[in-house]
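Here's the structure we're looking at; comments come further down.
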2 protein chains.
Amino acid sequence: MRKNALLAFAIALSAVRVSGQSTATDAFHNNLMPEPSSLTANTGSLSITNGLTVSATGASSPLLDHAIVRMISRLEDRTGLQLSKQIQTAPTATLVIDVRSAGPAVQSFEEDESYSLTSTANSIKIEAATPVGALHAMETLLQLVQASGSSYVIPSVTIQDSPRFRWRGLMIDCGRHFEPIEVLKRNIDAMAAVKLNVFHWHLTEDQGFRIESKRFPKLTEKGSDGLFYTQEQARDLVAYARERGIRVVPEFEMPGHSVAWLVAYPELNSGSQPTGIRREFGVSDYVLDPTHPETYKFIDSFLTEMTTIFPDEYIHIGGDEAPAPDWKKNPRILAFMKAHDLHDNDALQAYFNTQVLGILTKLHRRMAGWDEIFNPALPKDVVIQSWRGVASLAKGAQQGYEGILSAPYYIDGMQPAGKLYLADPVPADTTLTPEQQKLILGGEVPMWAEHLDQRTIDSRIWPRTAAIAERFWSPQNVRDVDDMYRRLDVVSVELETLGLRHLTSEDAELRALAGSENIAAMRDFASAFEPVSFGERSSTQHTTQLTPLTSFVDAVRPDPPIRHQIEVAAKTFLTAPTAQDPATNDAHQLLLHFFETVGASVPRVQLVMDRQPRFQPIHTRAEQLTELSVIGIDALKYLNTSTTPPAQWKEHSLAQIEAAKKPSGLVNFTFLPALTQLVNATR
Amino acid sequence: MRKNALLAFAIALSAVRVSGQSTATDAFHNNLMPEPSSLTANTGSLSITNGLTVSATGASSPLLDHAIVRMISRLEDRTGLQLSKQIQTAPTATLVIDVRSAGPAVQSFEEDESYSLTSTANSIKIEAATPVGALHAMETLLQLVQASGSSYVIPSVTIQDSPRFRWRGLMIDCGRHFEPIEVLKRNIDAMAAVKLNVFHWHLTEDQGFRIESKRFPKLTEKGSDGLFYTQEQARDLVAYARERGIRVVPEFEMPGHSVAWLVAYPELNSGSQPTGIRREFGVSDYVLDPTHPETYKFIDSFLTEMTTIFPDEYIHIGGDEAPAPDWKKNPRILAFMKAHDLHDNDALQAYFNTQVLGILTKLHRRMAGWDEIFNPALPKDVVIQSWRGVASLAKGAQQGYEGILSAPYYIDGMQPAGKLYLADPVPADTTLTPEQQKLILGGEVPMWAEHLDQRTIDSRIWPRTAAIAERFWSPQNVRDVDDMYRRLDVVSVELETLGLRHLTSEDAELRALAGSENIAAMRDFASAFEPVSFGERSSTQHTTQLTPLTSFVDAVRPDPPIRHQIEVAAKTFLTAPTAQDPATNDAHQLLLHFFETVGASVPRVQLVMDRQPRFQPIHTRAEQLTELSVIGIDALKYLNTSTTPPAQWKEHSLAQIEAAKKPSGLVNFTFLPALTQLVNATR
């Protein structure tokens, strides 16, 4: 036990080194995420005391004033100091914030979001064109806070910062599973913390219509199970986001993904009529009738009403996945197509989009839609959100369409942050001309909601989305994955202080599975796993909107920090497996500790399985974990002592690793690549 | 390390034994809290399958229907099965719920809350007078769910249940710190889970006026910092509580604790005028003027408005702590007292209460108030809430007043659940006559909010309040503290599944302190501590409403489960410290593991302290913990091996324990009584 305590201590030291948390020092320690476009660290720092004052010397802005008070409040929480929330006007305050104008009432993607931040030993100056830039600057400022001896300081830096892309979004699908307003608000807080600026609110789906219409009340009466946002709530959320520098782009899916519309208003259908809200996932055959004048009157009236809630320049009409078999067999629709020279469904959908575009234009709104709206029949002032990938996006740009990239950022694919991070809306090797590149407005992270609910959504979005946010904001050459992970660990905890539950939800679900507060072993066990991707889960488990989401797969998180730590440790250790330098030794200790800990957790976790049927599908994974942990420990021993393993050991071990890659229990092991490297490295 | 894994395994076994979680079996395993008044366990059980059906065969009640759907949803989460939410009417469903009447529109404390629940291998029957009884029955049903092999079952039982007390409350002070509606809602969910039935909403304080008045809008404009409940929100909360069988009794403090009223309406003051919302805690000198006719016109108008929001029969007028020095020096007030033959402040306050009682009576409301309203001048139909204790309560009852006990349940005193649990509104040795005993309506847990905010409130209330809820509900002779703790561990996790954050908040705050997700050592360290009481904190630290609450004391929880486990283990071990029976051995292992773990955590935690100034006040406690853990390990060694400790060891150790009892860092050690016993037991 004492020995183990020492080992734990070594691991802690190692973790400190890995996470880059230095002990207190005046020297600037970079925990910023996203990285600013330009930063110069100077010597010295400003001590934060309870005498700190803040002034706003530029254009008057209630939005800015509110943001300053929130910033001070977070600084209080961080430092434990009680600070004044009086905003002064004198330019002699500790922190002086100067914005040139109050900015437009409705935030635009063309707004100048740049800012500068200069801190010295005596004062801090923030300058920005509008309050939105100042908001970004204050988030940077909070990330600059570090400890020095017994106080907190702001190190002296000079920062000039502006985003690489103007459209940096997160989409949340509230159709398949409804998310309460407080969930959205805390996610908006998190978005603001990492300088995202578009909340794309996916409000309608086959599985639910989530926004109140007073003109068409049946949409939510019949199409929502009572789970929808009132107009008052939606307006409040739009205002909440605006105060945090975030636009709200609402999405109303049409003509497909529209079962919830049709349940309420059958007169809009193309021939077939759904009997109720769709519970199954996947693509539905029910679509709006694009040939019926009533359809456009309805859409016009509905969108007119929605513009009183959503002031943003853009309205997203979805437009994806509308196979519409009825269009190919409804005689009236076929006749219409013939009369209008529309040769196939794509042409008919383009016709539909053109009509809707006319309505939006009349309402002084611009259209956004998924890849499918990309059709030469549409004028160039629509924005195409690409779920098909960089190539599709580039093709649109070459034809003059503005676009935003989403395909690589589908976070229900459960890819690690490091991989998501490197995907670039305009890769270094792009063949687009500079003019065409300007048409790539940015990117969006889509959070589709088949397999999540309010308990688990945060851990699906965060912290990985913070890494993508850096991709959207920071210069293209900021691509050091290890350094990103180091900063991500810090940001992740900062997000939790904003109310996010991405770190606590795993524990809560594990406790529910264990039926006890005592989950030390469950935690160790869970650290070896991550959820399978949306695709893998869909192909293995039949889930619907009504499936309870309280299985082990729902508890565990994608890309738990230990995954990358193991990967790095294996790389470090394998460069010199028997060397005595501290980094190698730390790496060896971390790997050994990991395999021993997860292995030791199994028998305790099996006790829980025996009394918790809901947990029993993990049975095979538990047995595999025992085997794999022994392989890991043995491999380390052979490598560390330069011993040749017994005959067949390597083949046998690799076969077990291979077997562990097969689907089971809806979770995957996090450490198989590292373990494979270790095994292969033995003699 | 391997050795340690085995040890961990032994501890896990021990924990399983301690927590009473048996492996799956058909036999009824009692995890009910509160315990029902009568329960017979029969043989057999009903397997829960996705074919489970529910019918409501009695009086029609939307409230009941909603509750059934919520219950099914929780059953789905628990079992992982997708169940039908269609409520049938046939008496042949798996679960038949029969209520005799829909009950009154406004819930009364006189409502019959009793129910019966009979489960067999084939069906379950719930019968109740009104839906409120059926709600209680459904909470019991959910607690009955247990595992059997690979499925979940309801064991066969016959339960007849009704509450011992009719008024079972939780008061939340939203004045000193505002709590968002979602915090209140999840606390109401938790209340319902343990069969509490009164949410006492403390809405006004010197530090804030939290309810919107349209007649007197300045109350919140000037008295709330913008933190208040709109009338719509309050009505929604009342409806939310009603749907869960919980009355909402609002409290409007008068004539004292009224700074927020007076900031808004200075014309109501007794002579002195506050300059702003009070930030300091403690008793204020500012009070309403009880001699001014305007005061009563104001109160009349205000309360009339409030009755449109709060339908409950009772309105709580506070009435406590009104020293009112102005009453003794304002000539106009002195003249009034003389003219009305009122000899002192108490008499004047009784006069005031009589006037307010008149207003309430006119509004068809009854009055509740704190001890101070107890005055012979008032008629007998007021309810006295006693913060002075059982004796004061009994005295009221002897004079014919109805009362509810609060004094022993002040949970900001941070007493362990076991102690709170044993305090009884009508102790077994009461001298009250049966008639007088009937006047004791029950009790209330007051959650005063000087030192909490929305991040920490849940851990201050739960799970300890569940133990008190059992006191209010279950028969007087249900008093086994060890068994209570066993069931409390299970209930605590159930509460978390309802959205409570009492278990996650500690981790979140520790991560914020550590600035990293890696808090294994911080967790171990924290398990040795609990927060000091409100009184101890107040006397050591100057806090105001504006003090940031992000210190270590805010992170740690009162009465962490390990506290009682250590206490029990020490008792078990000391009955035969060297015996080889499994219970003694388990106890020894648990104690050794605890002391080794908390001791080993210190150096790692000190690394965090070095870089986190906010955490540095715990420096002394960390050093003490190192010493104390060594004492614990040594004591176990001497006892286990029947070795005589070195000279001076015992005196020296007891002196160190004594030193550790002194205040430091606003936290106390949880294990000193057990450690003292161990040291004293050595030769």
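The values are calculated or read from the model by the stated rules, or taken from the named source; none is laboratory data. Quantities reported herein were computed from a predicted structural model and do not represent experimental measurements. No Cβ is skipped: glycine too gets one built from the backbone with ideal geometry, and neighbour counts run over all protein chains shown. Side chains are part of the model used for accessible areas, which takes the heavy atoms of the whole protein and leaves out ligands, DNA and RNA. Shrake-Rupley method; radii C 1.70, N 1.55, O 1.52, S 1.80 Å.
Observations on the model:
- Some residue of the stretch B:628-642 being in a loop (DSSP other than H, G, I, E, B) and away from chain A (no Cβ under 11 Å): yes
Matching residues to (1) among the hydroxyl-bearing types (S, T, Y); (2) within 29 Å of A:E212 (Cα to Cα); (3) in the same structural domain as A:P379 (by TED's automatic domain parsing):
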{"position": "A:H292", "(1), (2), (3)": "no, yes, yes"}
{"position": "A:M337", "(1), (2), (3)": "no, no, yes"}
{"position": "A:Y351", "(1), (2), (3)": "yes, yes, yes"}
{"position": "A:L357", "(1), (2), (3)": "no, yes, yes"}
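- Scanning the stretch B:364-389 for residues being under 23 Å from B:A428 (Cα atoms) and free of Cβ contacts under 8 Å to residues at least 40 places away in the same chain gives a total of 4.
- In the stretch B:253-277, the residues that are touching a residue at least 60 places away in the same chain (Cβ under 8 Å) and buried (at least 24 other Cβ atoms within 10 Å of the Cβ): B:E253, B:M254, B:P255, B:H257, B:A260, B:S270
- Residues satisfying the stated conditions in the stretch A:462-483, i.e. within 18 Å of A:E139 (Cβ to Cβ) and under 15 Å from the mean Cα position of the chain (by Cα): A:W462, A:P463, A:T465, A:A466, A:A467, A:I468, A:A469, A:E470, A:R471, A:F472, A:W473
- B:G319 open to solvent by less than 30 Å² (accessible area, probe 1.4 Å), at positive phi and touching a strand residue (DSSP E or B) at 6+ places or on another chain (Cβ under 7 Å): yes
- For the stretch A:336-353, the criterion of being among the aromatic types (F, W, Y) and not in a helix (DSSP H, G or I) is satisfied by no residue at all.
- All positions within the stretch B:521-534 that are surrounded by fewer than 21 Cβ atoms within 10 Å (Cβ to Cβ) and within 12 Å of chain A (Cβ to nearest Cβ): B:R523
- Out of A:D285, A:D312, one residue alone is surrounded by 22 or more Cβ atoms within 10 Å (Cβ to Cβ) and closer than 24 Å to A:D371 by Cα. It is A:D312.
- Matching residues, the stretch A:52-72, being surrounded by 14 or more Cβ atoms within 10 Å (Cβ to Cβ) and of a type in the set (G, A, S): A:S55, A:A56, A:G58, A:A59, A:S61, A:A67
- Qualifying residue in the stretch B:196-206 (condition: of a type in the set (V, I, T) and not in a strand (DSSP E or B)): no
- The set of residues in the stretch B:257-272 being over 17 Å from B:S224 (Cα atoms) and either outside any strand (DSSP E or B) or in contact with a Gly (Cβ under 7 Å, 6 or more places away or on another chain) (or both) consists of B:E267, B:L268, B:S270, B:G271, B:S272.
- The listed residue being more than 26 Å from the chain's Cα centre (by Cα), open to solvent by less than 50 Å² (accessible area, probe 1.4 Å) and of a type in the set (S, T, N, Q), out of A:Q398, A:Q385, A:Q436: A:Q436
- Among residues of the stretch B:322-347, those that are crowded, with 21+ Cβ neighbours inside 10 Å, touching a residue at least 24 places away in the same chain (Cβ under 8 Å) and under 40 Å from the mean Cα position of the chain (by Cα), counted: 3
- Flag: B:A234 matches the condition of being under 25 Å from the mean Cα position of the chain (by Cα), crowded, with 22+ Cβ neighbours inside 10 Å and of a type in the set (A, V, I, L, M, F, W, C).
- One residue stands out among those in the stretch A:117-153 that are within 14 Å of another protein chain (Cβ to nearest Cβ) and in a strand (DSSP E or B): the one that is nearest to A:M191 (Cα to Cα), which is A:Q146.
- Residues of the stretch A:472-518 classified as among the β-branched types (V, I, T), open to solvent by less than 30 Å² (accessible area, probe 1.4 Å) and either within 12 Å of another protein chain (Cβ to nearest Cβ) or on the phi > 0 side of the Ramachandran plot (or both), total: 4
- On inspection, B:K419 passes the criterion of being at pLDDT 95 or above, out of contact with any strand residue (DSSP E or B) (no Cβ under 8 Å at 6 or more places or on another chain) and open to solvent by 50 Å² or more (accessible area, probe 1.4 Å).
- So B:K419, is it over 30 Å from B:S301 (Cβ atoms) and among the charged types (D, E, K, R): yes
- Any chance B:T92 is in a strand (DSSP E or B), surrounded by fewer than 18 Cβ atoms within 10 Å (Cβ to Cβ) and either of a type in the set (S, T, Y) or not assigned by TED's automatic domain parsing to the domain that holds B:T57 (or both): no
- Among the residues making up the stretch A:629-655, those that are in contact (Cβ under 8 Å) with a residue 24 or more places away in the chain, open to solvent by less than 40 Å² (accessible area, probe 1.4 Å) and not hydrophobic (A, V, I, L, M, F, W, C) are A:S629, A:G632, A:Y638, A:P645, A:S653.
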